[in-house]
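Novice: Next up is a structure, given as structure tokens.
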Amino acid sequence: MADDQMRALRDEVQRLADIEAIKQLKARYIRLVDVQDWEAWGREVLTEDFHFDSDGGVQDGRDVVIGMVSKALAGAQTVHHVHTPEITITGPDTATAIWPMNDYVTMPRDGSPIVINGYGHYNEEYVRTDDGWRLKSCVLTRLRVDSNIELNGG
């Protein structure tokens, strides 16, 4: 096999290995949020300067995001599903992805619980660190939300 063919094969294997590592990272992200293991979520998934833009607002910094998300989901039960990602390796240590998502959230309140079922996309940026791939930025865009309450204060 010629040197340039061998180099192309090595590059393709690396690209596929990186895509798989990012898929594993996103699976860990989802599991750790659903079990509310905030310490592991921060340590194993997010960069220190993590940027998060969602219907809860825009937050910057891993500790700020963990504080906001853990407070918002305190006492809640969540089930997140992501699937069929479009992952693009953009450089030797960078990547982007779009993940279609669905989440089902049950939050306690006086009387019957609040139930939210959302559908949309995560648009994300990743970086390779000394500890492997980490999530640097996440923008959650919801296309539809079904709920048993009026979300504008009802």
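Novice: Tally Lys and Arg at +1 and Asp and Glu at -1 over the other residues with C-beta under 14 Å from the C-beta of residue 129: what net charge comes out?
Specialist: Computed value for this residue: -3.
Novice: Could you order the peptides 1-9, 93-101 from most to least packed, using the average number of other C-beta atoms within 10 Å per residue?
Specialist: Ranking, from highest mean packing down: 93-101, 1-9.
Novice: Additional query: With axes computed from alpha carbons, what is the tilt in degrees of helix 62-72 against the longest principal axis of the chain, rounded to the nearest 10 within 0 to 90?
Specialist: 30 degrees
Novice: Viscosity 0.890 mPa s, temperature 25 °C: what is the translational diffusion coefficient of the chain from Stokes-Einstein with a Kirkwood Rh over Cα pairs, rounded to a whole number of µm²/s?
Specialist: Estimated diffusion coefficient is 146 µm²/s.
Novice: For the stretch 1-128, what is the charge dipole size about the Cα centre, in debye to the nearest 20, if Lys and Arg each add +1 at the Cβ and Asp and Glu each add -1 at the Cβ?
Specialist: Computed charge dipole of the stretch 1-128: roughly 360 debye.
Novice: Among 77, 36, 14, which one shows the highest mean-square fluctuation when the chain is modelled as a Gaussian network with alpha-carbon springs under 10 Å?
Specialist: Maximum among the listed residues: 14.
Novice: Pick from 53, 130, 18 the residue whose mean-square fluctuation is largest in a GNM of the chain, springs joining Cα atoms under 10 Å.
Specialist: 130
Novice: Farthest toward the dipole's positive end in the chain, which of 81, 117, 94, given Cβ charges of +1 (Lys, Arg) and -1 (Asp, Glu) about the Cα centre?
Specialist: Value: 117.
Novice: Hey, what do the phi angles of the stretch 2-10 turn into as Karplus ³J(HN,Hα) couplings, whole Hz, using 6.51/-1.76/1.60 and θ = phi - 60°, x for Gly and Pro?
Specialist: Rounded to whole hertz, the list is 5, 4, 5, 5, 5, 5, 4, 5, 4.
Novice: Using 1/(1 + (r/R0)^6) with R0 = 35 angstrom and r between the beta carbons of residue 104 and residue 21, what's the FRET efficiency to the nearest 0.05?
Specialist: About 0.80, to the nearest 0.05.
Novice: Using only helices, what value at 222 nm comes out for the chain when you add -39,500 (n - 2.57) per DSSP H run of length 4 or more and divide by the total residues, to the nearest 500 deg cm²/dmol?
Specialist: Only helices count here, giving -11000 deg cm²/dmol.
Novice: Also, I was wondering about something else. Once you put a point 7 Å from the Cα of residue 70 and another 7 Å from the Cα of residue 90, both along the Cβ direction, what distance in nm separates them?
Specialist: The two pseudo-label positions are separated by 2.9 nm.
Every number in this text was worked out from the coordinates using simple rules, so none of it is lab data. Note that the structure is predicted; figures quoted are calculated from it, not measured. Note that each Cβ is placed from the backbone with ideal geometry, even for glycine, and that neighbours are counted across all protein chains shown.
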